[in-house]
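Values quoted throughout were computed directly from the atomic coordinates according to the rules given, and no laboratory measurement underlies them. Being a predicted model, the structure only gives us computed values, none of them experimental. Note that we place each Cβ from the backbone using ideal geometry, even for glycine, and neighbour counts take in every protein chain shown.
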Amino acid sequence: MSAVFEQIFQVGFLAAIIRIATPLAFATLGEMFSERAGVLNLGIEGIMLLSAMAGFTAASLSGSLWLGVLVAVLTGMLMGALHALFTVALGLSQHVCGIGVTLFSSGLAYFLYRLIFGQQSVPPSITGFKPLAIPLLSDIPVLGPAVFNQFTLVYLAIIAVPLAAFVLYRTPWGLSVRMVGENPRAADSAGVSVIATRFQAVILGGALMGLAGAFLTMAQFNAFTFGVVSGRGWVAIALVVFGRWDPWRSAGAALLFAFVDALQLRMQASGLGQVPYEAFLMLPFIFTIVAMAVMSRNAVAPSALLKPFRREER
Amino acid sequence: MFRLEARTSTPAWFNLALPLLAIAATLILCSGLIAIAGAGVVEAYGVMLSASLGDSYALTETLVRAAPMIFTGLAVAIAFRAKFWNIGAEGQLLAGAVASCFVGAIPMPGYLAMLLMALAGAAAGALVALVPATLRVRFKVDDVVSSLLFNSVIYYALMALIEGPWKDTFSGYPISPPIEDSANFPVLVEGTRLHLGVVVALIAAPLCWFLIARTTLGFRIRVTGENPEAARYGGINVQRVLLSTALLSGALAGLAGVGEVGGVHFQVMSDISPGYGYSGIVVAMLARLNPLGVVPAAIFLAAVMTGAEAMSRATGVPAFLSDVIQGTALLAMLVALLFTAYRVRRVGAQT
């Protein structure tokens, strides 16, 4: 046991947690903005996959990683807009539309990837982002190399959390988002455009999901494979609940999940006993479900979540 | 400007035409992708059509593929009727496959084996579906998220089995041992893969329709879904209805897995389902949650899947087109459904 304990406090382990948490944090923040405005986005899994593919393709064809990131973000925004079109403008079932967006985006991602790259035995790869050591900060023992010698996108995620909290709680737009998610009718009376605000929130959410996808194919794996997202989008949805629709708590949830996941990877590698590694892969999902059961007793979902808004109806 | 205006009534022909309109819109939208891939649209769809429905062998292949989607489609349709958001048909299917494979490997008379496989598979699927339903009823956990996450849990459990105790020690492949030959579902037409399970699926649809439309449980399911408050005032135990719906829905999804083990693969492997559980959602929506509509909807999607492979070989258009068609069909159907409740009215500036 003490051996396991020692491993946890290794630099590599801490760095792994941060790395695993990064795409989850982007995705969770993205989903959180969408849900705070009252729109559940089950399209997240597909949006992340399509963004990951689009970003990878752009980076691979142009040789520019940042162009890849940009394309991934734009793809995420576009798919977010699609989801908003169905759920916000047309007021269709958020559950089913989300699944539809996921099926559509994943299908499109596979289709286009095969069209562009053909069928290859070894998937094409790119030279992804290199870790960037921040002067001074990276010299701090343990924390320095683990947190401040990371990919630029990791720093972006670290900045994104306080920024998201600021935007949500301290800006007029954030107030509008919270209003249209809690009480769209009141927001409407106060002169806030429910439709426009929801569109903006879902599109911003899509941009963050795109960043999550970009991280997977341009920093973490440097290639696009069909299992590149493998449930991270679904996990993000659970993390939003777990993080009680708050940016700080959501980021905390992402870190906690990443910790469990990194531990799972370590245990696999150390060949702990006779436990099949699938049991560890299962662990985060079971953990999330149990956590939801515990948390949901005092969960505070936005009251208008899942409820379409039509002005002329009551 | 256009505005949506509530309809007071929906013409009957409209209800029937909607899925067809959605499918037509889907095929037109997806033809853009065929064109981008550099193939002739008419040719590509032509190959798909003839390879899926063109001759009797193709037709049986399509039916074999439709069977699991009929089951998952029914599972989703019934669950959604009660507004139990079962997105977990995929995991329930896998659980059904594992359970039936376990039973099928025990030597016993064939028909007994098949019966027990079906029971075990249905029970396993039902148990899995009961988890998100219980979590919702007891702990108010969102059933969408929990049923979705359970798909991953069941998938890894399956992987643990086929890479662990079930692993083929001879070849080293992660596949389960085959079921007994006597437990293989009988083939109905010599030279095809049309097995008994397909017939069971085709019979299950009218049975489910009867259950929903004509029985007390069906009535309770519908009322619970349409208006839980009214259901409660009417003396319906909403929580119990949700749990019954989950059991029924999970059992149907489990049977989809039974059919794949008993009739198609005779063992369990990691890719036993190419997402039939998720396709079930598309099927159910195309069928407008009507169990009878599930059959043509499942056959349509199955035809797209079988046809896409032949189209890919003939024209080089990636077979993943069938996944895009599924997603597009779901979205198109949702938009089409909008027009049963609303109509588009021109308002404001007259030109």
**OP:** Quick one: net charge around A:P162, please, counting Lys, Arg +1 and Asp, Glu -1 for every other residue with C-beta under 15 Å from its C-beta.
**Re:** +1
Original post:
Label-point separation (nm) for B:L21 and B:F170, each offset 7 Å from Cα along Cα-to-Cβ?
Top reply: 5.7
Original post:
What's the long-distance tail for region A:103-148, i.e. % of Cα pairs beyond 15 Å?
Top reply: 65
Original post:
In terms of the ratio Rg/(2.2 N^0.38 Å) built on C-alpha atoms, what value belongs to region B:40-185?
Top reply: 1.27
Original post:
So who's got an amide H within less than 5 Å of the one on B:Y342, skipping anything under 5 residues away but keeping other chains? H placed 1.01 Å off N, in plane.
Top reply: B:R7
Subject >> 10 Å Cβ neighbours from other chains, averaged over peptide B:149-159 >> reply: 6
Original post:
What helices in chain B pass both tests, a Cα length along the helix axis of 24 Å or more and a mean Kyte hydropathy of -1.0 or higher, using whole DSSP H runs?
Top reply: B:12-36, B:56-81, B:110-139, B:143-163, B:196-214, B:238-259, B:291-315, B:321-341
Subject >> Globularity index of region A:126-183, i.e. its alpha-carbon radius of gyration over 2.2 N^0.38 Å >> reply: 1.62
Subject >> Volume per residue of the C-alpha convex hull in region B:35-122, rounded to whole Å³ >> reply: 171
Original post:
Working from the pairwise distances between different alpha carbons, so that the mean of 1/r is found and then inverted, what is region A:198-241's Kirkwood radius in Å?
Top reply: 11.4
Subject >> Placed amide H near A:L132: partners under 5 Å, 5+ positions off or other chain >> reply: A:Q150, A:F151, A:T152
**OP:** Compute the length gained on full extension between A:S62 and A:A293: take 0.36 nm times their separation in residues and subtract their Cα-Cα distance, giving the result in nm to one decimal.
**Re:** 78.5 nm
Subject >> Using alpha carbons only: equivalent-ellipsoid semi-axes of region A:100-215, gyration tensor based, whole Å >> reply: 35, 28, 8
**OP:** Please give the per residue volume of the convex hull enclosing the alpha carbon atoms of region B:1-82, rounded to a whole number of Å³.
**Re:** 187
Subject >> Peptide A:83-96, shielding by other chains (average Cβ, 10 Å cutoff) >> reply: 4
Original post:
Once the dipole of the protein assembly as shown is set up with Lys and Arg at +1 and Asp and Glu at -1 on Cβ about the Cα centre, which of B:V64, B:V42, B:G225 lies farthest towards its positive end?
Top reply: B:G225
Original post:
In square nanometres, what is the average projected area of the Cα convex hull of chain B?
Top reply: 21.7
Subject >> chain B: most fluctuating residue of B:S279, B:S56, B:S270 per GNM, C-alpha cutoff 10 Å >> reply: B:S56
**OP:** In a Gaussian network model over chain A where Cα atoms closer than 10 Å are linked, find which of A:G191, A:G91, A:G205 has the largest mean-square fluctuation.
**Re:** A:G191
Original post:
Hey, got the dipole for the protein assembly as shown? About the Cα centre, +1 on K and R Cβ, -1 on D and E Cβ, debye to the nearest 20?
Top reply: 2120
**OP:** At q = 0.23 Å⁻¹, what is the base-10 log of I(q)/I(0) for region A:26-136 according to the Debye formula with one equal point scatterer per Cα and no solvent? Please give it to two decimals.
**Re:** -1.20
**OP:** Sticking to Cα atoms, compute the Rg of the protein assembly as shown to one decimal and its Dmax as the biggest Cα-Cα distance, whole number, in Å.
**Re:** 24.8, 79
Subject >> DSSP-loop GluC sites (Glu not before Pro) across region B:142-238, with at most 10 other Cβ within 10 angstrom >> reply: B:E190
**OP:** Jot down the radius of gyration and Dmax of region B:251-293, Cα atoms only, both in angstrom.
**Re:** 11.8, 33
**OP:** Take region B:104-229, drop everything but the C-alpha atoms, weight them equally and run the Debye formula without solvent; then report log10 I(q)/I(0) at 0.11, 0.17, 0.18, 0.23 Å⁻¹ to two decimals.
**Re:** -0.63, -1.19, -1.23, -1.31
Subject >> Dipole in debye (nearest 20) - chain B, about Cα centre, beta carbon charges: Lys, Arg +1; Asp, Glu -1 >> reply: 1660
**OP:** Please turn the phi angles of region A:129-136 into ³J(HN,Hα) values with the Karplus equation 6.51 cos²θ - 1.76 cosθ + 1.60 (θ = phi - 60°), one per residue in order, whole Hz, x for glycine and proline.
**Re:** 4, 9, x, 10, 7, 7, x, 6
Original post:
Based on Cβ point charges of +1 for Lys and Arg and -1 for Asp and Glu, what charge dipole magnitude is obtained for region B:1-150 about its Cα centre, in debye rounded to the nearest 20?
Top reply: 640
**OP:** Work out, in µm²/s and without decimals, the Stokes-Einstein translational diffusion coefficient of region B:217-310 at 25 °C, 0.890 mPa s, Rh from Kirkwood over C-alpha pairs.
**Re:** 159
Original post:
So what is Rg over Rh here for region B:174-277, counting just Cα atoms and using Kirkwood for Rh?
Top reply: 1.13
Original post:
Based only on the alpha carbon positions, what is the Kirkwood hydrodynamic radius of region A:166-297, in angstrom?
Top reply: 17.2
Original post:
Counting only other chains, what is the mean number of Cβ atoms within 10 angstrom of the Cβ of each residue in peptide A:113-120?
Top reply: 3
Original post:
Given H placed 1.01 Å from N in the peptide plane, which residues other than close sequence neighbours of B:H195 have an amide H under 5 Å from its amide H?
Top reply: B:L188
**OP:** Treating the angle as unsigned and between 0 and 90°, give the value, to the nearest 10°, between the Cα long axis of helix A:194-215 and the longest Cα principal axis of chain A.
**Re:** 10
Original post:
Computed over the Cα atoms, what is the radius of gyration of chain A divided by 2.2 N^0.38 Å, N being its residue count?
Top reply: 1.01
Subject >> Charge-dipole axis of region A:181-314 as Lys and Arg at +1 and Asp and Glu at -1 on Cβ define it, positive-most pick from A:A186, A:Y277, A:V228 >> reply: A:A186
**OP:** Could you work out how far helix A:65-84 tilts from the main Cα principal axis of chain A, as a 0 to 90 degree angle to the nearest 10?
**Re:** 40
**OP:** Using a 10 Å Cβ count of at most 15 others and DSSP loop calls, identify the longest part of chain A lacking such GluC sites (Glu not before Pro).
**Re:** A:1-311
